[in-house]
Amino acid sequence: MSATTEYLASAVRVDAPPAILLDKVNKWFGSLHVLRDVCLNVATGERVVVCGPSGSGKSTLIRCINRLEIHQEGRIIVNGTELSDDIRALDEIRREVGMVFQSFNLFPHLTILENCTLAPIWVRNMPKQEAEALAMEYLTRVRIPEQAKKYPGQLSGGQQQRVAIARALCMKPKIMLFDEPTSALDPEMIKEVLDTMIGLAETGMTMICVTHEMGFARTVADRVVFMDQGEIVETGAPTQLFENPQTDRLKLFLSQILRGH
Amino acid sequence: MSGMTLDGTAPAAPRTPPLSQIGALGWMRANLFSSWMNGALTLVIGYLIVRWALGFFDWAFANAIWSVPNNQTQVCRDLKGIGACWAVITEKHRFILFGTYPYEQHWRPALCIVLFVALYIVSAMRRFWRKELALVWIATLGVIGVLMWGGVLGLPYVPQERWGGLVITLILATFGLAFAFPLAILVALGRRSKLPAIKALCVLYVELIRGVPLISLLFMASVMFPLFLPEGMNIDKLLRAQIAIILFAGAYLAEVVRGGLQALPRGQYEAAEALGLSYWQKTGFIILPQALRLVIPPLVNTFIGFFKDTSLVLIIGIFDLLTAGKTAIIEPAWQGFGIEVYLTVGAIYFVFCFAMSMYSQRLEAELNRHRRS
Amino acid sequence: MPESVTDPRQLRLPPKRPIRLSWSDERVRGIVWQVVVVGIVGSLFWWLWSNTAHNLAVRRIATGFEFLRREAGLPIAEHLVDYNPTDTYFRALLVGFLNTLKVAVVGIVLATILGTLIGIARLSRNWLLAKLAAVYVEVIRDLPLLLQLLFWYALLQGLPGPRQAMNPAEGVFLSNRGLKLPWFEWTDAHSFALLAFVLGAIATWLYARQATAKRLLDGRKRPAWPFALLAMLAAPIGIWAVMGAPFTPDIPKLRGFNFQGGLNISPEYFALLIGLVTYTAGFVAEIVRAGIQAVPHGQWEAAQALGLHRGQVLRQIVLPQALRVIIPPMTSQYLNITKNSSLAVAIGYQDIVSIANTTLNQTGQAIEGIAIIMLVYLTISLSISLFMNWYNGRIALVER
């Protein structure tokens, strides 16, 4: 990315309570300790990028936020509600948190429109016409309204991922989680998805994004979090982190990924 | 690049391959006579096939007797081994198809057979794979029940003891599938459940049923079910056998459905959960539609198995197609013509099963094509 | 500062989670669901059970397995061990069980051989042969087994009587009373020779394994066939010779209305065997074909490019991969043959189901009779399943 890229204006609201609060979160897979005393505050409107080598726990971290993975110690508080075994609390949280997966996970037996309207109709009890209008609005926003009646198998990877973003947005979430959204895409399709995500950031959405796309991090992120071996090693503004890494581990990681450029 | 060869001369014009490599001759060379041994094999097999075909034609058609007056089968017996006695079919075909159903009412089971076939054909066509199909099934099975029993709409009542033949086979197989399928889905879901008691019950059911032969379940139905019910409560033999077949089919179908549930990528489960769908919403909207579509070919193959397995009710004395065939030759006049009867009954089974088998193979090829593209 | 060698993610273990008593707790819901379902199923079984107990009392049907010690009064035509109708029901059932095994084991062996041949024929380059095999498989699979059994039985019953029996070879007679083959008197010498053969086969297998291990160490080939010849052929023959080399042939001779002597294969057994073998071979053929086709052609090419010759490619590369795909469904078919042998009751071969059926008719104890049948088959099924699980675990390809 060129050095003259403009940074997105920060949308962080410092007066509001944190959107996501992780307090000494620990998670084990069997006996493997994959998240170690992770503490993280994400303010409303903040955009956080999480990066790190594979096996560092970054995907596990965001999957804990909507309880696709269950943490064993510590607290996770999303929009004031704590994540626990309480099912009703979990349902509330999942309505407010949207997720975009690396492998898109669109429902292949439903049309694009049906993919987007399914949850609003059956979880938010929205009438069908309203849901369809909402879906078309978001499909227009991700710039593929003409594909509404097609099936996922007929779309390219980049288009599918944009639909996945629209599908998550149709639930009008307050927080969006992205788990390596561009890692499964061919290079020429990465840009269209990143542009969509940048557009989303411009609306002030709280975003946590696990990604290797450093250019995106520089443009959009208010904060970058570097994880390694299950713990948060360093955080800070993107420029500061990439140009002035403090720890050896971050220096090693940056040298490895920047080698490709 | 212009077509110049390395040494600067112009390349030869493209030519057709030699005559012996193309067309019918070429095909025969490749497939039948590609080597000495192959050629010899072809000749031997060809000779045997022709000889056997001629022999069969002689027996089945040329020397066959098509009807005899008034059960005078001596002329048939004289030709035993030389000519087939198709007279037994001419005489007994109604018995084989409809059992002891009253003669004037034979149009009712005949109509039922047509309805069954229509139901199968409609269910096979992809464009009808919607939720309304379940209603079509319920309606058709209801109509068939009314037709067979009668007692309403001016149709005379026919008790179950008089039903028999092909209709019973179709009833056992179709009603069996209709009830076993929802049972199988519940059991498959239960087997994948995280709740240990439910999972244990489902595993127990499936492993128990799959470990024993169908005959033992039919025996259980025929001799033990009356003991299970309170005094005075009676269910007739056909219903008992139907219940045994439903339990049997349910276990095998459950394994097939479970295979589909396992084959579905975990990302689908996760995406549905992330959207906030509840367990039943997730299962009904996302998981089952995809999983069931994945396993339709093995489901059809399993159904072919049941269709054939209904013939086992012969052993507990229920009058299905095979029993009708076997009973037709008990009469002294027609004794000993088992081959002709079994060939005919076999042909009927074959028509149904072969059609389903071809359908399943074609469907599998189509689904594989879609998945790869 | 040097990094510690241990992975920091392996230093602490997870804590235990306490349970909260509330409907919104996922675990509480789970427990309630389970209690409800078990309750429903349990009460259904209790209702059936109490009805049964009541009905048994009213009809004065005995319960318990005491009847196993009573005299059976059941004539059994074929028995592998000594039996006469004054023996107990238990012995009768044992004879039935052995009859089931007799048809199942022989059926499995023959079906495997026939099925493998047909499966390979399906893949033949000769179009005629391939199509013939395909037609066989399709026809067999689209006809009910019971129908095929009745057909074969009717065919065998249509054969001429013993006096006009077919005599294709010296001492071999085929009639509607069965197939008679010449046999010989079985003495101790033969038993020992057979034992020597089995031990010799095991010894040969061990020797071959050792030879391979030694070859891996120093690269020298050690052929196993001389040892095999010695252990499996010379030794048994030697033992038999040493014990007097007894051999009294037993040729079937027509006496009155039937043959005496020789090996007797009854039409019931014969029909059941042919029916089961031809039926199951159709399914085995498809399994073998799928297994061979499952190994990508590239494996052959790569192995041959490395210089391995056909035999080695088969043994080291192709067969191990093909067998992984073949063995699970194959064991399922073996199970099917065993279960399908229960159809013997329809053509009068006295296997365990047939004898148990007669027993429960005579004693009136239906529940015990059917329970015995199910127990026998369940034991066989579960043993085979356990073996399958163990085998699958052992040969599973290691993946990421």
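Summary of computed values
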item	result
Filter result (out of contact with any Ser or Thr (no Cβ under 8 Å at 6 or more places or on another chain) and not acidic (Asp, Glu)) within segment A:127-140	A:PRO127, A:GLN129, A:ALA133, A:MET136, A:TYR138, A:LEU139, A:THR140
Residue that is surrounded by the fewest Cβ atoms within 10 Å (Cβ to Cβ) [pool: residues in segment C:123-141 that are in contact with a Phe, Trp or Tyr (Cβ under 9 Å, 6 or more places away or on another chain) and modelled with pLDDT of 90 or more]	C:VAL139
Sole exception among (1) over 24 Å from A:GLN229 (Cα atoms); (2) within 11 Å of chain B (Cβ to nearest Cβ); (3) assigned to a helix (DSSP H, G or I); (4) not acidic (Asp, Glu) for A:LEU113, by number	(2)
Residue in segment A:150-167 that is in contact with a strand residue (DSSP E or B) (Cβ under 7 Å, 6 or more places away or on another chain) and basic (Lys, Arg) present	no
The one condition in (1) assigned to a strand (DSSP E or B); (2) more than 11 Å from chain B (Cβ to nearest Cβ) that A:GLN159 fails to fulfil	(1)
C:THR204 vs. criteria touching a helix residue (DSSP H, G or I) at 6+ places or on another chain (Cβ under 6 Å), among the β-branched types (Val, Ile, Thr) and more than 14 Å from chain B (Cβ to nearest Cβ)	yes
Candidate set: segment C:200-223, residues that are modelled with pLDDT of 85 or more and of a type in the set (S, T, N, Q); chosen: the one nearest to C:ILE239 (Cα to Cα)	C:THR204
Residue in segment B:207-234 that is surrounded by the most Cβ atoms within 10 Å (Cβ to Cβ), counting only those that are in a loop (DSSP other than H, G, I, E, B) and either touching a Leu at 6+ places or on another chain (Cβ under 7 Å) or among the polar types (S, T, N, Q) (or both)	B:VAL212
Pairs where the first residue, in segment A:217-235, is more than 13 Å from chain C (Cβ to nearest Cβ) and the second is part of a loop (DSSP other than H, G, I, E, B) and among the aliphatic types (A, V, I, L, M), C-beta under 7 Å, 6+ apart	A:ARG218/A:MET1; A:THR219/A:LEU8; A:VAL220/A:LEU8; A:ASP222/A:VAL12; A:ARG223/A:ALA237
The lone exception for C:GLU368 - which of (1) among the charged types (D, E, K, R); (2) more than 30 Å from C:ALA57 (Cβ to Cβ); (3) within 11 Å of another protein chain (Cβ to nearest Cβ) it fails	(2)
Residue selected from segment C:40-69 under the condition facing chain B (nearest Cβ under 10 Å) and more than 39 Å from the chain's Cα centre (by Cα), by the criterion nearest to B:CYS202 (Cα to Cα)	C:HIS54
Flag for C:THR379 being within 13 Å of chain B (Cβ to nearest Cβ), closer than 26 Å to C:ASN84 by Cβ, among the polar types (S, T, N, Q) and in a helix (DSSP H, G or I)	no
Residues located in segment A:122-168, provided they are at pLDDT 90 or above and among the small types (Gly, Ala, Ser)	A:ALA131, A:ALA133, A:ALA135, A:ALA148, A:SER156, A:GLY157, A:GLY158, A:ALA164, A:ALA166, A:ALA168
Number of the condition not met by A:ARG67 [criteria: (1) in contact with a helix residue (DSSP H, G or I) (Cβ under 7 Å, 6 or more places away or on another chain); (2) more than 21 Å from C:THR6 (Cα to Cα); (3) buried (at least 21 other Cβ atoms within 10 Å of the Cβ); (4) not aromatic (Phe, Trp, Tyr)]	(3)
Failed item, numbered, when B:GLY267 is tested on (1) under 27 Å from C:ARG27 (Cα atoms); (2) at pLDDT 95 or above	(2)
Test: residue in segment A:15-24 that is surrounded by fewer than 22 Cβ atoms within 10 Å (Cβ to Cβ), modelled with pLDDT under 90, assigned to a loop (DSSP other than H, G, I, E, B) and hydrophobic (A, V, I, L, M, F, W, C)	yes
Some residue of segment B:174-182 being more than 21 Å from B:ARG258 (Cα to Cα) and in a helix (DSSP H, G or I)	yes
Selection from segment A:83-96 of residues that are in contact (Cβ under 8 Å) with a residue 60 or more places away in the chain and at the interface with another protein chain (Cβ under 8 Å from one of its Cβ atoms)	A:ARG95
Given (1) part of a helix (DSSP H, G or I); (2) surrounded by fewer than 17 Cβ atoms within 10 Å (Cβ to Cβ); (3) of a type outside the set (S, T, N, Q); (4) at pLDDT below 90, number of the condition B:PRO297 does not satisfy	(2)
Residue that is assigned to a helix (DSSP H, G or I), out of contact with any Cys (no Cβ under 8 Å at 6 or more places or on another chain) and crowded, with 18+ Cβ neighbours inside 10 Å, where the choices are C:ALA231, C:ALA235, C:ALA241	C:ALA231
All positions within segment B:314-373 that are polar (S, T, N, Q) and closer than 21 Å to B:ALA173 by Cβ	B:THR323, B:THR327, B:THR344, B:SER357, B:SER360, B:GLN361
Selected residue (only one of B:ILE348, B:ILE330, B:ILE339, B:ILE318 is aliphatic (A, V, I, L, M), surrounded by fewer than 21 Cβ atoms within 10 Å (Cβ to Cβ) and in a loop (DSSP other than H, G, I, E, B))	B:ILE330
Looking only at segment B:20-50, and only at residues there that are among the polar types (S, T, N, Q) and surrounded by 12 or more Cβ atoms within 10 Å (Cβ to Cβ), the one that is farthest from the other protein chains (Cβ to nearest Cβ)	B:GLN21
Selection status of A:PHE216, over 18 Å from the mean Cα position of the chain (by Cα), of a type in the set (Phe, Trp, Tyr) and not in a loop (DSSP other than H, G, I, E, B)	no
The one condition in (1) more than 19 Å from the chain's Cα centre (by Cα); (2) within 12 Å of chain C (Cβ to nearest Cβ) that B:PRO332 fails to fulfil	(2)
Residues being buried (at least 20 other Cβ atoms within 10 Å of the Cβ) and β-branched (Val, Ile, Thr) - total across segment C:271-286	3
Selection from segment C:136-194 of residues that are part of a helix (DSSP H, G or I), without any contact (Cβ under 8 Å) to a residue 40 or more places away in the chain and more than 10 Å from every other protein chain (Cβ to nearest Cβ)	C:GLN164, C:SER191
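The values are calculated or read from the model by the stated rules, or taken from the named source; none is laboratory data. What you see is a predicted model; the values in this text were computed from it and never measured. Positions of Cβ are generated from backbone atoms using ideal geometry, with glycine treated the same way; all protein chains shown enter the neighbour counts.
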